[in-house]
Every structure is written in structure tokens, then in C-alpha cells.
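Q: Here's a structure for you.
The values are calculated or read from the model by the stated rules, or taken from the named source; none is laboratory data. These numbers were taken from a predicted model, which means no experiment stands behind them. Here the Cβ positions follow ideal geometry from the backbone for every residue, glycine too, while neighbour counts run over all protein chains shown.
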């Protein structure tokens, strides 16, 4: 393997775009039991010097690079070849306390565990049972896109909370902050969301195509 190399801006943007292309269902691992975090990671990448460490596009050696978003393998023939692949890292989950409450799926005891994004409650029979207790925080705001679902709080792979339509995957509308039922004066969209600014908590239009988003326009509602 070649020496560790720092990437340039173009490659860093491509790493971020590739990671952001993962669907909501894949990123929201705590919302679905099959995405629970454990000592088992995604299929590991070989980092030793062997015949596998060559670019599948042009055959040149791969080099280990790093960005603010983590490690990735990139072609040493960059920029002539733009191949890259993020390197997955395993994260150990520790059991902190065993609870007397039984798992609703299999009957084993639940445990308080500590993972990459903090404390959570999961089944002691993992991986045979992949139940994770997920408290729901559903608002009474109807999704402005499908008009059927309600906006519900979720947690993404980066640990940050966001709100999305509970009619997912049929509807993929989301807001990065707490939604508020309020009509945008610029485009007429019926949902805005809270965002923290230097002057206080402001409201931003939930329509990503609204002109106010490009102008970074917002309404301060709390200081």
C-alpha cells in the first residue's frame, strides 16, 4: 500500500457526494433493526500490499487517503482516473446495564448499550434478535408533499436528528430541523423548520427550491 496522502478539494467533494447518495433507509440505521450498530462492520477493504489493491478502472495501485469525512481508497492515477471507495470502520457496542424488561420480539432481557452515537436500549439476544427501542416523536403536522403521512423525528447515521414523513419510502420529504406549520411568504409552502442562528431560533422554508433558501432568508421567532 502506498503512503497516506491528503486529498484535494475535488476528491473530498466526491467522497461526500458518494456517501450522501446512500438512501434514507440505509442511513437511518436506528430506525430499522437491520441497521443496528455492532462489532460487525460492512465488508472490510484489504489495506495490505497485494494484487487486490489495484484500481478496478485502470489497474493502477490504490492509495489510502483521508478527508474530514474519514478514510477512503483512491486511484494513484488521479486526476486521470477518479475512482474512489470509502473505507468502512467497525464500531464496538458495549453493554452497560441489563434491564428486567423483556424484548417484545423474542422475550430476552433488554440492555442499555453504548455505541458510536451514544446510549440506546437493545435486545441482549443480538445478533439473533436485532430489536432496538426507538421512542417515537411524531408531530401532528401533515406532510406537505404526500398529504398523508405525519412528520416524525428520526436519527441519521451521523447521530444528528431530523424529521421525515412517516410514509417513507413512498414519500421522502425531510427537514433538518423541527417542523412548524407556517406558510412561507415567499413561495407559499406550508411547512417551515426551526434553525439556530446567531440572533436566536429562526424559521426556514421547508421547500428546498424556495428563493428564500438561496438568499438564506429566515424569520427569528425566539432569542
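Q: Could you list all residues from region 106-126 that are at positive phi and touching a residue at least 40 places away in the same chain (Cβ under 8 Å)?
A: The answer is 118, and nothing else.
Conditions (1) closer than 30 Å to residue 116 by Cα; (2) surrounded by fewer than 18 Cβ atoms within 10 Å (Cβ to Cβ); (3) out of contact with any helix residue (DSSP H, G or I) (no Cβ under 9 Å at 6 or more places or on another chain), marked per residue:
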{"site": "154", "(1), (2), (3)": "yes, no, no"}
{"site": "160", "(1), (2), (3)": "yes, yes, yes"}
{"site": "164", "(1), (2), (3)": "yes, no, no"}
{"site": "168", "(1), (2), (3)": "yes, no, no"}
{"site": "175", "(1), (2), (3)": "yes, no, yes"}
{"site": "205", "(1), (2), (3)": "no, no, no"}
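Q: When the residues of region 185-206 are narrowed to those that are in contact (Cβ under 8 Å) with a residue 40 or more places away in the chain and part of a loop (DSSP other than H, G, I, E, B), which ends up nearest to the chain's Cα centre (by Cα)?
A: Only one residue tops the list, namely 206.
Q: Then there is this: Does residue 97 meet the test of being assigned to a strand (DSSP E or B), under 28 Å from residue 131 (Cα atoms) and at pLDDT 75 or above?
A: yes
Q: Sort out which residues of region 169-184 are in a loop (DSSP other than H, G, I, E, B) and touching a residue at least 12 places away in the same chain (Cβ under 8 Å), and write them in order of number.
A: Once the filter is applied, which keeps residues that are in a loop (DSSP other than H, G, I, E, B) and touching a residue at least 12 places away in the same chain (Cβ under 8 Å), region 169-184 yields 169, 170, 171, 172, 173, 176, 177, 178, 182, 184.
Q: Considering only residues of region 127-142 that are touching a residue at least 24 places away in the same chain (Cβ under 8 Å), over 21 Å from the mean Cα position of the chain (by Cα) and not in a strand (DSSP E or B), which is surrounded by the most Cβ atoms within 10 Å (Cβ to Cβ)?
A: Result: 129.
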